[in-house]
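These notes are about the structure you will find just below.
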Amino acid sequence: MLPLLLASSSVYRRELLTRLQLPFTCSSPDIDESHRSGESAIALVKRLATEKAQALAQSHPAHLIIGSDQVAVLGEHIIGKPHSFDKAREQLLACSGKSVTFLTGVALLNSQTGVCQVDCVPFTVHMRTLDSERVERYLHAEQPYDCAGSFKAEGLGVSLFRSTEGPDATSLIGLPLIRLIDMLLAESVQIP
């Protein structure tokens with residue numbers, strides 16, 4: 001098997017990938033993650049996942065490189081990482097009682113052959129009705145400022161959900177393992 005490289009500095013993605021019990025290393029790609037004018041949310045996450053993997057291809061020849069990116073979508077609006085208490089509070093109150101779709105792009109690049117598999121896995125969260133006090137208590141407890149949509153599904157964020165739906169719950173955390181396993185199997189990686 002070619003060495004496996006996760007093109008990410010995300011602790012959440014690293015923790016998810018360890019579930020597969022495969023040896024891997026991590027390296028953070030340096031790319032421009034700006035949204036392009038007219039680009040759909042699906043096209044954005046697929047492009048960024050691919051670019052993250054490609055950014056490390058030259059320095060990691062003969063590797064299987066995993067890239068991933070995620071955005072949350074509320075109606076027609078892309079919701080990114082809040083980076084602050086005030087922005088997170090605003091995001092969560094806007095999501096109150098609504099459905100938020102998380103789109104997670106995943107790419108697997110074989111840097112030896114140049115073959116790149118890429119896909120987008122959706123996952124929808126139906127939010128409870130939230131008030132300011134509940135949102136503020138949650139934000140003080142978990143501080144999810146580096147998470148798209150302002151919550152950590154693997155933590156207390158689940159308390160904000162009414163229900164969820166989608167093909168792969170791991171996509172909500174940032175790396176759709178079921179789809180990634182399909183890609184790894186296509187590269188003849190043995191799991192388990």
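Quick notes
- Only helices enter the 222 nm calculation for the chain: every DSSP H run of n ≥ 4 contributes -39,500 (n - 2.57), and dividing by all residues gives -9000 deg cm²/dmol, rounded to 500.
- Its residues counted as N, the stretch 4-186 yields a C-alpha radius of gyration over 2.2 N^0.38 Å of 1.03.
- For the stretch 85-159, the Kirkwood hydrodynamic radius comes to 14.0 Å, computed from all pairs of different C-alpha atoms.
- Label-zone membership for the stretch 142-167, site Arg19, 7 angstrom Cα→C-beta point, backbone N under 20 Å: 147-167
FYI, it's all coordinate maths here, none of it is from the lab. Just so it is clear, the model here is predicted, and its values are computed rather than measured. No Cβ is skipped: glycine too gets one built from the backbone with ideal geometry, and neighbour counts run over all protein chains shown.
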